[in-house]
Amino acid sequence: MAKEPARVLVTGAAGQIGYALVPMIARGVMLGPDQPVILHMLDIPPAAEALNGVKMELVDAAFPLLKGVVATTDVVEACTGVNIAVMVGGFPRKEGMERKDVMSKNVSIYKSQASALEKHAAANCKVLVVANPANTNALILKEFAPSIPEKNITCLTRLDHNRALGQISERLNVQVSDVKNVIIWGNHSSTQYPDVNHATVKTPAGEKPVRELVKDDAWLNAEFITTVQQRGAAIIKARKLSSALSAASSACDHIHDWVLGTPEGTWVSMGVYSDGSYNVPAGLIYSFPVTCQNGEWKIVQAFMDDYNCFMASFCDSGLSIDEFSRKKLDLTADELSEEKALAYSCLT
Ligand code: NAD
Ligand code: LMR
């Protein structure tokens, strides 16, 4: 029997990520090839005409899975009945800025849209915040929508995760699909920590640790990390616009895996509400390695093979975190605590 359509909200839908994202959703990239969708697209009044143009193009593309399009500048109409909310609306940074420099413009949007989602979205709506500063916007959304379960509010660090996979695959000249279990810890900012200590590559001789294959710890501990941390800025420098197709594709990956599950033995990175795992302060939206099953994410806590299980007994909990990594996990957590304070100062 055909599935009921899922209602998917995209805010900022007339912008450049929106323009790349809505056709992917309508093609089934986000929710699967058998899941019909109704797109809810929100933008602000100055972008209303452009938004209507996007709606016209969606009709013209005749996507079989697309069962309806709501294009509106009314936040209540946009949020009503949505099952998935992808929050892209906001202002991107320009060359030379850090993502938190757009804080004052963007956090107030997330405070006001929080209550519309809380009141009008479907029960159990899954929320993904893309707009920057993504972790802190998601935290503000969570705090001003107290009845939405905290497990339903996440932010996008899958783009950073995919960037890390891409760098390793280029360096080793292997298929990107053969690389897995990198981790992005912390903030979607230049303090994020891309960690390859548990990452592996599928080879004809079985799965091998990335460190063993790369054979260059100096590169992995320095240039690799800064390349991933600074990739957003490098794209802005090259395109004079921030990333869009990779952001849209990664947003699809994030929701796809959250709803449909991660493959056995594989984790992905998601910005989620910290429960204190890995001694990350509770009450921040922090990127962790997660596995997903039955529409729920779970922070990876345990080693996955016998040797590692044995080693885990010597650690506080979860994947082993060496001293180098510990400092980096703490640094990005400190930045998120500072951003939280700054966000509240912008809202008063
Ligand atoms: P854009 O300027 O092209 O589009 C943003 C759209 O949001 C515009 O159409 C604008 O009118 C709209 N908008 C502004 N205020 C709004 C509101 N209150 N409600 C609804 N819509 C509103 O920008 P973009 O390149 O599409 O980027 C969007 C956001 O995503 C930026 O903040 C950017 O920094 C961020 N981003 C995040 C990631 C990530 O990995 N987390 C990656 C890329 C970009
Ligand atoms: C990215 O990582 O590409 C986005 O967050 C855009 C930016 O400002 O870097």
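The values are calculated or read from the model by the stated rules, or taken from the named source; none is laboratory data. Being a predicted model, the structure only gives us computed values, none of them experimental. Every residue, glycine as well, gets a Cβ built from its backbone with ideal geometry; the counts of neighbours run over all protein chains shown. These area figures cover heavy atoms from the full protein model, side chains too; ligands, DNA and RNA do not enter into them. Shrake-Rupley method; radii C 1.70, N 1.55, O 1.52, S 1.80 Å.
Figures for the structure shown
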| read-out | value |
| --- | --- |
| Filter pass, Ala114 being closer than 20 Å to Leu284 by Cα and away from ligand 2 (no atom under 16 Å from the Cβ) | yes |
| Counted residues, the stretch 266-282 - those being away from ligand 2 (no atom under 16 Å from the Cβ) and either touching a helix residue (DSSP H, G or I) at 6+ places or on another chain (Cβ under 7 Å) or in contact (Cβ under 8 Å) with a residue 60 or more places away in the chain (or both) | 8 |
| Within the stretch 31-51, considering residues that are closer than 22 Å to His256 by Cα and of a type in the set (Val, Ile, Thr), the one most open to solvent (accessible area, probe 1.4 Å) | Ile38 |
| Residues of the stretch 221-261 that turn out to be over 15 Å from the mean Cα position of the chain (by Cα) and of a type in the set (A, V, I, L, M), as a count | 9 |
| Qualifying position, being away from ligand 2 (no atom under 16 Å from the Cβ), open to solvent by 30 Å² or more (accessible area, probe 1.4 Å) and β-branched (Val, Ile, Thr), among Val54, Val59 | Val59 |
| The stretch 195-248: number of residues that are within 12 Å of ligand 2 (Cβ to nearest atom), buried (at least 17 other Cβ atoms within 10 Å of the Cβ) and under 25 Å from Phe288 (Cβ atoms) | 11 |
| Near pairs, Cβ below 6 angstrom, 6+ apart or cross-chain, from the stretch 224-249 (within 20 Å of Glu170 (Cβ to Cβ)) to any residue that is within 12 Å of ligand 1 (Cβ to nearest atom) and part of a loop (DSSP other than H, G, I, E, B) | Gln229/Gln192; Ile235/Ser243 |
| Thr73 vs. criteria touching a Leu at 6+ places or on another chain (Cβ under 6 Å), modelled with pLDDT of 95 or more and closer than 26 Å to Ser112 by Cα | no |
| Which numbered condition Ile17 fails, given (1) away from ligand 2 (no atom under 16 Å from the Cβ); (2) touching a residue at least 60 places away in the same chain (Cβ under 8 Å); (3) buried (at least 19 other Cβ atoms within 10 Å of the Cβ) | (1) |
| Residue ranges of strands (runs of 3 or more DSSP E) in the stretch 193-310 with at least 2 members within 14 Å of ligand 1 (Cβ to nearest atom) | 268-273, 285-293 |
| Considering residues of the stretch 1-14 that are crowded, with 19+ Cβ neighbours inside 10 Å and away from ligand 1 (no atom under 14 Å from the Cβ) only, the residue nearest to the chain's Cα centre (by Cα) | Val8 |
| Every pair of residues 6+ apart whose Cβ atoms lie under 8 Å, when the first sits in the stretch 96-110 and is within 10 Å of ligand 2 (Cβ to nearest atom) while the second is modelled with pLDDT under 90 | Arg99/Arg93; Asp101/Arg93; Val102/Phe91; Val102/Pro92; Val102/Arg93 |
| Residues (over 18 Å from Gln192 (Cα atoms), assigned to a helix (DSSP H, G or I) and open to solvent by 60 Å² or more (accessible area, probe 1.4 Å)) located in the stretch 328-348 | Ala341, Leu342, Tyr344, Ser345 |
